[in-house]
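Single-structure report; data block below.
The values are calculated or read from the model by the stated rules, or taken from the named source; none is laboratory data. As the structure is a prediction and not an experimental result, all values here were calculated from the model. Using ideal geometry, Cβ is built from the backbone for each residue, glycine included, and neighbour counts are taken over all protein chains shown.
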């Protein structure tokens, strides 16, 4: 059943006429993604990061627009030996700003952007068993730079990919513009 739904959705996206406009002043977007790789530490087995972000185009600037919004993401790790199990959980909450470049008029489906994020990493740690060693992964403020792009299949639905720091180094997923 899942395969049938996926194929039907893919067919609708491919057969839809592409007349998407790039991200503009007044546009809003929600990104839902899955990420891999992290700079947050963690040993052992990790689960893929999940994240969500929102942005709104506020100012036209040169050949593009500046957007502001928010970000939340979560990932975690587990390290297990015969004597103990350690678990780390990371949640990053932040404010993001991005510059969306509009110099690609011949490819209106493409929305390249770069930005900055100021966030707070909420780290939690637990251990069961006999481990008494140090845990050096704590909560704190952080910042990041990121590069990304969206490819619009319709006026409101896009795939996106980002490279930068959040709860993952590489993040990809679906974006909804409204």
Among what's in the range 84-103 and is closer than 22 Å to residue 60 by Cβ and surrounded by fewer than 14 Cβ atoms within 10 Å (Cβ to Cβ), pick the residue that is modelled with the highest pLDDT. 95
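For the range 153-171, enumerate the residues that are modelled with pLDDT of 90 or more and either crowded, with 19+ Cβ neighbours inside 10 Å or in a loop (DSSP other than H, G, I, E, B) (or both).
If we filter the range 153-171 for residues that are modelled with pLDDT of 90 or more, which is where we start, we get 153-163, 170-171.
Across the range 153-171, the qualifying residues are 153, 154, 155, 156, 158, 160, 162, 171.
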Going through (1) modelled with pLDDT under 90; (2) surrounded by fewer than 17 Cβ atoms within 10 Å (Cβ to Cβ); (3) under 24 Å from residue 33 (Cα atoms) one by one, residue 106 fails only at (3)
Which residue, of 150, 78, is surrounded by 14 or more Cβ atoms within 10 Å (Cβ to Cβ), modelled with pLDDT of 90 or more and assigned to a strand (DSSP E or B)? 150
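If a residue must be within 14 Å of the chain's Cα centre (by Cα), over 23 Å from residue 105 (Cβ atoms) and in contact (Cβ under 8 Å) with a residue 60 or more places away in the chain, how many such residues does the range 131-161 contain?
0
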